[in-house]
Amino acid sequence: VNSLTIGDAEGDDFGNTYLVHGEYVMNGGTELKKISSTGNLIWSNVFSLAGFRVEVGSDNQAVVCGFPNPNSFGSSFIKVDASGNLVWSNPDADSTFALMLHAKLIMDGENNTYLAAGTLTEMAVCKVNNDGSSAWTVTMPGSYANDVVLGNDNNVYVVGGGATAKINQSTISS
């Protein structure tokens with residue numbers, strides 16, 4: 001698959017794979033493909049964001065994250081159903097932070113989505129609720145986040161350039 005951006009892949013419970021990559025045209029959108037377990041294309045749709053991360057939740061629906069459009073910064077999210085139809089869109093999940101350096105996308109058991117990213121001078125995590133609404137964005141010291149995991153204690157753990165941090169979700173107001 002030719003792409004002008006970074007791509008990602010994630011599987012569902014039925015053995016299908018969701019592939020996300022940039023449409024192979026200058027300033028194109030994001031192409032999301034669903035591939036069967038036998039390697040056949042089920043569907044392919046183009047969405048108007050510069051997405052390059054994908055995760056599939058326990059509902060077997062894909063969430064894609066990236067920039068709002070090519071040549072911009074920020075955190076834009078979409079969710080599609082198993083047929084490739086748009087379920088919801090959040091084009092500005094991180095509000096005024098304009099996150100860049102998107103490193104990792106993960107989902108929790110309730111299909112909330114977490115993006116590890118950065119601002120060049122800080123690590124950041126952006127959380128989007130399972131209904132597509134913005135939950136919170138938190139920044140902390142460090143150059144940018146390299147990885148994020150969820151603890152059994154419902155805390156978010158972030159590692160990045162020169163720092164490790166714990167985000168206690170119970171103390172964050174949405």
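The values are calculated or read from the model by the stated rules, or taken from the named source; none is laboratory data. All of these numbers come straight from a predicted model, not from anything done at the bench. Cβ placement follows ideal geometry from the backbone for every residue including glycine, while neighbour counts extend to all protein chains displayed. Please note that ligands, DNA and RNA were not included when accessible areas were found on the heavy atoms of the full protein model with its side chains. Shrake-Rupley method; radii C 1.70, N 1.55, O 1.52, S 1.80 Å.
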Heavy-atom accessible area per residue - the chain, 1.4 Å, Å²: 46
Are there GluC sites (Glu not before Pro) in the stretch 42-147 that DSSP marks as loop and that have at most 13 other Cβ atoms within 10 Å, and which are they? E110
Hey, can you grab everything whose amide H is under 5 Å from the amide H of N69? Only 5+ residues off in sequence or another chain; H modelled, so Pro and N-termini drop out. A50
For a test of the definition: using alpha carbon positions, the gyration tensor, and the 1.5 limit on a/c, classify the stretch 1-78 as rounded, prolate or oblate. oblate
Just to be sure I understand: with springs between alpha-carbon atoms less than 10 Å apart, which residue in G161, G66, G22 has the highest mean-square fluctuation in the Gaussian network model of the chain? G161
In the stretch 11-91, the chymotrypsin sites (Phe, Trp or Tyr not before Pro) that sit in a DSSP loop and have at most 13 other Cβ atoms within 10 Å of their own Cβ are F14, Y24
Run down the lysines and flag those whose C-alpha is under 26 Å from the C-alpha of K166, throwing out any fewer than 8 positions away in its chain. K104, K127
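Would you rank M140, M26 by solvent-accessible area, highest first, keeping every protein chain in place and using a 1.4 Å probe? Mind dumping the intermediate values first?
Numbers: M140 20, M26 155 Å².
Reading off the accessible areas and sorting them downward yields M26, M140.
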